[in-house]
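Right, one structure below, let's go through it.
Every read-out reported here was derived from the displayed coordinates using simple, explicitly stated rules and does not represent laboratory data. These numbers were taken from a predicted model, which means no experiment stands behind them. Here the Cβ positions follow ideal geometry from the backbone for every residue, glycine too, while neighbour counts run over all protein chains shown.
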C-alpha cells in the first residue's frame with residue numbers, strides 16, 4: 001500500500017492545486033472539526049493538533065472550530081454528522097475505533113454508513129501486548145502460556161479491546177477479561193498484579209510500560225503488526241524486535257491463520273492499528289473540495305513545523321492520505337459475509353452479545 005513519505009511528500013507539497021481544486025476557497029468561512037467523544041481524550045488531542053494546520057493550508061485560511069459531541073461511543077456524533085451531510089466541506093469528522101466497531105458489529109443505534117463517507121487521512125497507531133514477568137514468558141513465547149490463567153482489563157467485548165480478545169482466542173489461550181475498566185484503571189490493575197496481561201498503543205506503552213519492563217515487572221509478548229507497502233502485515237516499525245500476532249500464531253499452531261478467522265481478524269486489526277484515527281468528509285462533498293482537502297493533507301505532511309511536533313501525537317508512523325486512506329476505510333468496514341458471521345458467532349458464544357448480522 002503506497003503511503004506519503006520522503007520525496008513523495010516533497011513532490012506533492014510542491015505541486016500547486018489543480019484548476020478544479022483552486023475553485024475551493026475557504027476565505028471568510030468557518031470549518032468545524034467534530035470529535036465524537038468528550039474533551040480530554042486521544043481523539044480531542046489528535047483533532048486539536050491538526051486544527052491549526054488545516055487553517056494554515058486550506059485555501060483562504062478559514063477559522064477552525066473543534067466541537068466535541070460525546071455519546072454512544074461516538075455514535076451520537078456520527079449520526080448527526082451524516083443526517084444532513086454538508087457538501088461544502090465545512091464539517092469534517094474524526095473517527096475512532098468505536099465508530100468502526102459499532103458499525104461493523106451492527107449496533108442498532110448506528111444510522112451512518114461508511115460508504116457514504118470519504119477519508120482524507122488515516123493515522124495508524126501500533127498496539128502491543130505484554131505480560132507480567134512472573135509468567136516467565138519472553139517476546140513471542142506464547143506456547144509457554146498454554147494452560148495458564150490469564151487476566152486482562154477491558155471496557156467491553158465490542159470495544160477496541162475486541163482485537164486483543166480475538167487474538168488470544170485464536171491463539172487458544174485462556175484469557176479472562178475484567179470488563180468495565182478504563183485505560184487508566186486497567187494499567188493500575190496490571191501494575192498491582194490484579195491482572196497479568198495488558199495491552200497499549202505504542203505511544204502509551206513507551207510512557208507507561210517500558211518503565212515497568214526496566215523494573216522487571218513486565219515483559220513484551222507480541223504486537224498486532226503493521227501493514228507494509230506491499231499490503232502484507234509485518235513487524236511494527238516502532239518495535240521491530242517484537243514478533244507480531246501472525247508470527248506467534250504460526251509458532252503456536254505450526255501453520256498460518258487462514259479462512260474466515262483470518263479475514264475477521266484482519267478487519268479488526270485494520271481498524272485498531274492502521275485506521276486508529278481518521279478524518280472523513282461526506283461522500284456528497286463537491287469533487288473540487290474533496291480534492292482540495294486531499295492536497296491540503298499532503299501539504300500538512302510536508303510542513304516543517306508539523307514534522308517537528310508530530311512525534312508526541314501521531315509518532316513517526318507513515319500516514320495514509322487521500323485514496324490510500326479511503327482504501328483502508330474500505331478494508332476496515334467491508335468484511336465479507338462469511339467472516340462477519342464467524343465473528344458474530346464467536347462474540348455471541350463467548351460473551352453473550354446477542355449480535356445479529358445486518
(message) What do you get for the angle between helix 323-333 and the principal long axis of the chain? Use alpha-carbon atoms, 0 to 90 degrees, nearest ten.
(response) 40 degrees
(request) On a C-alpha basis, how far is the centre of segment 66-100 from the centre of segment 31-49 in Å? Whole number, if you could? (result) 11 Å
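With a 10 Å Cβ neighbour count serving as the proxy for reagent exposure, in which order, fewest first, do 343, 33 appear?
33, 343
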(message) To test your reading of the geometry: what angle, between 0 and 90 degrees and rounded to tens, separates the Cα axis of helix 259-269 from the longest principal axis of the chain?
(response) 60 degrees
(message) Given contacts defined as C-alpha pairs under 8 Å and at least six residues apart, what's the relative contact order of the chain, whole-number percent?
(response) 28 percent
(message) Just to confirm my numbers, what's the Cα centroid distance between segment 236-300 and segment 166-182 in Å?
(response) 22 Å
(request) Output the Cα-based Rg and Dmax of segment 227-358 in Å, rounding Rg to one decimal and Dmax to a whole number. (result) 18.0, 51
(request) Could you please state, rounded to a whole Å, how far the C-alpha centre of segment 322-358 is from the C-alpha centre of segment 112-146? (result) 17 Å
(request) With everything on Cα atoms, drop me the angle between helix 337-351 and the longest principal axis of the chain, reported from 0 to 90° to the nearest 10. (result) 50 degrees
(message) Could you compute Rg(Cα) / (2.2 N^0.38 Å) for segment 127-271, with N its residue count?
(response) 0.97
(request) Please tell me the relative contact order of segment 127-271 in percent, rounded to the nearest whole number, where contacts are Cα pairs under 8 Å and at least six residues apart. (result) 32 percent
